[in-house]
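All remarks here apply to the structure that follows.
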Amino acid sequence: MSDSTLNEKAMVGDVSIKPTASKVKASNKQKCLVFAGRGISRQERHFLMDLRQLMPHHKPESKLDEKKRLSEVIPELCHLKGCNSTIFLENRKRKDLYMWISQVPEGPSVRFLLSNLHTMDELKMSGNCLKGSRPVLSFDKAFSEQPELQVLRALLTQAFGTPKNHPNSKPFIDHVFSFFYVNGRIAFRNYQIVEEKDAQTKKINRSLLEIGPRFTMQPVRILNGTFEGSTVWKNPDFVSPNELRSRARAKATRYVERKRALRKRAVFIDGEGAAPEPTAVQKVFQ
């Protein structure tokens, strides 16, 4: 070693860097893409806005044109937005609203039929919660008993549950997302946690006030992939709204024909005989 190097080392001395413990908490940046397709109504658009307000970990997206398959477009959008789950609202014939919940990119995914939809503006409940706070997810006992409901519970938890230490969330828990399984449907309720301190006993009494929105989800089927794949489970009790409307029209037609036959029978019994069908000219000048 040369004399100049020894002199520099003696002047500077030994330099050692000690690692310091970081006090910054690790953040969980999991995000859920919440958006809808074109054709949704005004009420459904306000419902979509309510969902985004209750989910601080969401990422918005403009309305989707359904010209391509959902399994091709939505995973690409989730990749661009950095989302690992998605909630997609799909309107059919401007009458029926479906909700897709899926894990991206491997799945699974589930399709629900929404009914009994009420937004926060319609309900005008007295409950309120802090914007950006994390919710507590409460599930009915049935979600731990049936295997298909266990899959639905995992998907709902991934979509609606705000991750701990998320950058967009606040360190408060002041409301509850409740999921109840009743008659083959899942009812959603959102409650505020109200804490009141008793002046005499100094105990904290907790109660719940509903905030909204309200909606009911009927599971249709569970797919193995993201908006595609083999059917893992299919609801045997599900009847499509188109089939229900078709049955109602057929029932109404039978009712009209039966009443018409009763009127003809009443005219025949009175002795007037069967009434002749009016001609085209008579129909015009009636």
What dipole magnitude, in Debye to the nearest 20, does the range 74-145 give about its Cα centre under +1 on Lys/Arg Cβ and -1 on Asp/Glu Cβ?
-> 220 debye
Report the FRET efficiency, 1/(1 + (r/R0)^6), for LYS68 and LYS234, where r is their Cβ-Cβ distance and R0 is 25 Å, rounded to 0.05.
-> 0.50
Size of electric dipole in the chain: Cβ of Lys, Arg +1 and of Asp, Glu -1, about Cα centre, debye, nearest 20 | 1040 debye
Please give, to one decimal in nm, the separation of the simple spin-label points placed at LYS203 and ASN84, each 7 Å out from Cα toward the Cβ.
-> 4.1 nm
Using Cβ-Cβ distances only, list the Cys residues of the chain with no partner cysteine under 4.7 Å, sorted by number.
-> CYS32, CYS129
Helix 3-12: angle to the longest alpha-carbon principal axis of the chain, degrees 0 to 90, nearest 10?
-> 60 degrees
If you line up the long axis of helix 70-81 against the longest principal axis of the chain, both from Cα atoms, how many degrees apart are they, to the nearest 10?
-> 30 degrees
Given the pairs LYS124/LYS203; LYS93/LYS283; LYS67/LYS251; LYS31/LYS141; LYS95/LYS131; LYS93/LYS251, which are separated by over 25 angstrom at their Cα positions?
-> LYS124/LYS203; LYS93/LYS283; LYS67/LYS251; LYS31/LYS141; LYS95/LYS131
Take every DSSP beta bridge with both residues inside the chain and express the antiparallel ones as a percent of the total, to the nearest 5.
-> 75 percent
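Once the piece of chain linking GLU76 and ILE173 is laid out straight, how much longer is it, given 0.36 nm per residue of separation minus the C-alpha distance between them?
Computed gain between GLU76 and ILE173 is 31.6 nm.
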Rounded FRET efficiency, nearest 0.05, which uses the C-beta distance separating PHE180 from GLN30 and R0 of 35 Å = 0.85
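Longest segment of the chain with no GluC sites (Glu not before Pro) in a DSSP loop having at most 13 other Cβ atoms within 10 Å?
The longest uninterrupted stretch comes out as 146-271.
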For ASP140 and ASN224, calculate 0.36 nm times their separation in residues minus their Cα-Cα distance, and state this gained length in nm to one decimal.
-> 27.8 nm
Percent accessible area from carbon and sulfur atoms, the range 130-229, protein chains only, probe 1.4 Å | 47 percent
With springs only between Cα atoms under 10 Å, which of GLN150, GLN192, GLN103 fluctuates most in a Gaussian network model of the chain?
-> GLN150
Roughly how many debye, to the nearest 20, is the charge dipole of the range 178-286 about its Cα centre, given +1 on each Lys and Arg Cβ, -1 on each Asp and Glu Cβ, and no other charges?
-> 240 debye
For the chain, how big is the tail of P(r) above 23 Å, as a whole percent of Cα pairs?
-> 67 percent
Inverse of <1/r> over all distinct C-alpha pairs of the range 49-131, i.e. the Kirkwood Rh in Å, gives 14.6 Å
Over 20 Å, how big is the tail of the calculated P(r) for the range 109-258, in percent of all Cα pairs?
-> 62 percent
If you take every DSSP beta bridge whose two residues both sit in the range 99-253, what share of them, in percent to the nearest 5, is antiparallel?
-> 80 percent
Among HIS118, GLN158, VAL281, the residue whose Cα sits farthest towards the positive end of the charge dipole of the chain, when +1 is placed on the Cβ of each Lys and Arg and -1 on the Cβ of each Asp and Glu, is VAL281
Which whole-angstrom value gives the distance between the alpha carbon centres of the range 123-152 and the range 33-91?
-> 20 Å
Average accessible area per residue (Å²) across the range 33-190 - probe 1.4 Å, nucleic acids and ligands excluded | 50 Å²
If you add up the charges near LEU209, with Lys and Arg at +1 and Asp and Glu at -1, over every other residue whose beta carbon is less than 12 angstrom from its beta carbon, what do you get?
-> -2
Identify, among THR201, LEU244, ILE222, the residue whose Cα sits farthest towards the positive end of the charge dipole of the range 194-260, taking +1 on the Cβ of Lys and Arg and -1 on the Cβ of Asp and Glu, with the dipole about the Cα centre.
-> LEU244
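Please compute the contact order of the chain in relative form: average sequence separation of alpha-carbon pairs under 8 Å and at least six residues apart, divided by the residue count, as a percent.
Over the chain, the number comes to 17 percent.
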Crossing angle, helix 42-54 versus the chain [Cα axis fit, 0-90 degrees, rounded to tens] | 20 degrees
Computed label-point distance, nm, for sites ALA252 and GLU122 using a 7 Å Cα→Cβ extension = 2.2 nm
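The values are calculated or read from the model by the stated rules, or taken from the named source; none is laboratory data. Predicted model, so just to flag it, every value in this text is computed and none were measured. Glycine also receives a Cβ, built like all others from the backbone with ideal geometry; neighbour counts cover every protein chain displayed. Heads up: the accessible areas ignore ligands, DNA and RNA and are worked out on the full protein's heavy atoms, side chains in. Shrake-Rupley method; radii C 1.70, N 1.55, O 1.52, S 1.80 Å.
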